[in-house]
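Heads up: the structure comes next, in structure tokens.
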Amino acid sequence: MAKSKPRVKVPKTASKDEVITIKTLISHKMESGQRKDKDGNPIPRQIINKFTCDFNGKTVFSCDLEPAISANPYLEFSAKVPESGTFKFTWVDDDGSEYSSESKIAVE
Amino acid sequence: MTITRRQVFALGAGVAAVAITGLPRVALAEEDKVQAAIDAFSGGATPETANVTLTAPEIAENGNTVPISFAVDSPMSDDDHVTDVTLLAAGNPSPGVATFHFTPMSGAAEATTRMRLAKTQDVIALAKTSTGKVYIDRKTVKVTIGGCGG
């Protein structure tokens, strides 16, 4: 399978306790398990089933995904920024592999 | 075998009868699955139709990627915040779409994603707060091309 590449958009700076919007996208085919190949055999399910967003080691937002999420899952959500730090994003695949990405943010 | 005019009529009546008795049963099974999912999420509490705003297109041309977002009206303080939001699609092979977990650090209980819809159906958003309240909102989305593969 092609390597899943995460793309994340986080503002570089924020004021203290500002609520920012984070946008994430990861390339993944999100095979639902409902489709059949041309011989009529079901294609096994392979999706990203969990997404987590941590800020300085504490979970801010997480999400359990089902096969009904589209290919290349896109997520947009908010987070409060009390201090400068690092957002860490983790995607967990059905096959156990994890994809992650980090973004720094500075409080002015 | 030749089919007489009379047989054609009989066949037509039979098909119509199946259609009338068969369809509500299918719809009922879907409704049951959705109700079971709602109960599992709410833990027995009756959801109130308030505070949750679900935004979905009225008509989705492509059921493979339907943009959907929700926002829950909540102070998001340590004592009173939204803990979980789940999205359900009533007419999909399995109703679950995604479950979002929020913390007071989330700042706002809102998110946007893209989902698959197999056919024209209701999309439901359920939200649970730390004070034990459950809120619900639903929207009907018309789907031109289904998005679950055949």
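What to note about this one:
- The dipole here belongs to segment B:78-150: it is taken about the Cα centre, uses +1 on the Cβ of Lys and Arg and -1 on the Cβ of Asp and Glu, and is about 560 debye.
- Whole-Hz ³J(HN,Hα) from phi, Karplus 6.51 cos²θ - 1.76 cosθ + 1.60, for segment B:70-78, glycine and proline x: 9, 9, 10, 6, 7, x, 6, 8, 4
- Cα shape, segment B:27-109, gyration tensor, a/c 1.5 rule: oblate
- Segment A:23-108 - charge dipole about Cα centre, Lys and Arg +1 at Cβ, Asp and Glu -1, debye rounded to 20: 160
- Dipole magnitude of segment B:57-112, debye to nearest 20 (Cβ charges: Lys/Arg +1, Asp/Glu -1, about Cα centre): 260
- Our coupling estimate for segment B:82-95, obtained by passing each phi through the Karplus curve with A = 6.51, B = -1.76, C = 1.60 and θ = phi - 60°, is 7, 9, 9, 10, 10, 10, 10, 10, 5, x, 7, x, 10, x Hz, Gly and Pro reported as x.
- For peptides B:40-50, B:92-102, B:58-68, sequence by mean Cβ density within 10 Å, most packed first: B:92-102, B:58-68, B:40-50
- What the Cβ-Cβ distance of A:Asp17 and B:Thr55 gives, at R0 = 35 Å and to the nearest 0.05, is a FRET efficiency of 0.85.
- Counting Cβ atoms of other protein chains within 10 Å of each Cβ in B:112-124 and taking the mean gives 4.
- For residues of B:89-102, the mean tally of beta carbons on other chains within 10 Å: 5
- Taking Lys and Arg as +1 and Asp and Glu as -1, the other residues whose beta-carbon sits under 12 Å from that of A:Glu18 total -1.
- The three principal axes of the C-alpha atoms in chain A carry coordinate ranges of 59, 20, 19 Å, sorted with the longest axis first.
- Antiparallel DSSP beta bridges within segment B:64-129, percent to nearest 5: 100
- Shielding by other protein chains, A:76-88, mean Cβ within 10 Å: 3
- Look at the dipole of segment A:1-56 built from charges on Cβ: of A:Asn49, A:Ile22, A:Gly33, the Cα furthest out on the positive end belongs to A:Gly33.
- The peptide list B:76-86, A:97-107, put in order of mean Cβ contacts within 10 Å with the highest first, becomes B:76-86, A:97-107.
- In this structure, the amide hydrogen of B:Lys142, modeled 1.01 Å from its nitrogen in the peptide plane, lies closer than 5 angstrom to those of B:Ile59, B:Ala60, counting only residues at least 5 positions away or on a different chain.
- Overall form of segment B:29-72 per C-alpha gyration tensor (a/c, 1.5; a/b vs b/c): oblate
- When the charge dipole of the protein assembly as shown is built from unit charges on Cβ atoms (+1 for Lys and Arg, -1 for Asp and Glu) and taken about the Cα centre, the candidate among B:Ser42, B:Gly132, B:Thr55 whose Cα reaches farthest toward its positive end is B:Thr55.
- Members of B:Lys119/B:Lys139; A:Lys80/B:Lys139; A:Lys3/B:Lys142 lying beyond 23 Å, as alpha-carbon distances in this model show: A:Lys80/B:Lys139; A:Lys3/B:Lys142
Throughout, read-outs are computed from the coordinates displayed, never taken from laboratory work. Predicted, not measured: the structure shown is a model, and the values here were computed from it. Don't worry about glycine lacking a Cβ; one is built from the backbone with ideal geometry, like all the others, and counts go over all protein chains shown.
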